[in-house]
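Read through the structure below, which is laid out as structure tokens, and then see the notes.
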């Protein structure tokens, strides 16, 4: 499955640090408008990885945020460095 692009670095960082688990609303905010089927597929990828790690979520319809970012290829350290570099170059717009 192709992972859609994030809406913004700030949004990704906010989602990562504000939520230990994410659901449909947070996933839609992270990637933008998605079909319910796409959101379900994204969550299924994470739930499969969580099962391999013997992890469970607190919310029935949510997935672990850290595992989700890992599965979707969103490296939080890389995102932080990119934001910092944009700030250094004076190209950062909040």
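Each reported figure results from applying straightforward, stated rules to the coordinates on display, with no laboratory input. What you see is a predicted model, and the numbers here were worked out from it, not measured in a lab. Backbone-built Cβ (ideal geometry, glycine too); neighbour counts: all protein chains shown.
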Legend entry - Relative packing of peptides 20-30, 53-63 - highest average C-beta neighbours within 10 Å first: 20-30, 53-63
Legend entry - Residues residue 89 and residue 55, FRET efficiency given R0 of 41 Å [Cβ-Cβ distance, rounded to 0.05]: 0.60
Legend entry - Principal-axis tilt of helix 36-52 within the chain, Cα atoms, nearest 10 degrees: 80 degrees
Inset, instruction - Measure off 7 Å from each Cα along the Cα-to-Cβ vector at residue 17 and residue 78, then give the distance between these two points in nanometres to one decimal. - result: 2.0 nm
Inset, instruction - Pop a pseudo-label 7 angstrom from the Cα along the beta-carbon direction at both residue 36 and residue 7 and give the gap in nm to one decimal. - result: 2.0 nm
Legend entry - 0 to 90° range, to nearest 10: angle between helix 9-18 axis and the chain longest Cα axis: 50 degrees
Inset, instruction - Give the relative contact order (percent, whole number) for region 9-88; include only Cα pairs under 8 Å separated by 6+ residues. - result: 41 percent
Legend entry - Fewest-first ranking of 15, 7, using other Cβ atoms within 10 Å as the exposure measure: 7, 15
Legend entry - Candidate values (i) 6.2; (ii) 8.0; (iii) 8.5, label of the one derived for mean projected area of the Cα convex hull in nm²: (i)
Inset, instruction - Show that you can apply the helix-only estimate: for the chain, add -39,500 (n - 2.57) for every DSSP H stretch of four or more residues, divide by all residues, and state [θ] at 222 nm to the nearest 500. - result: -17500 deg cm²/dmol
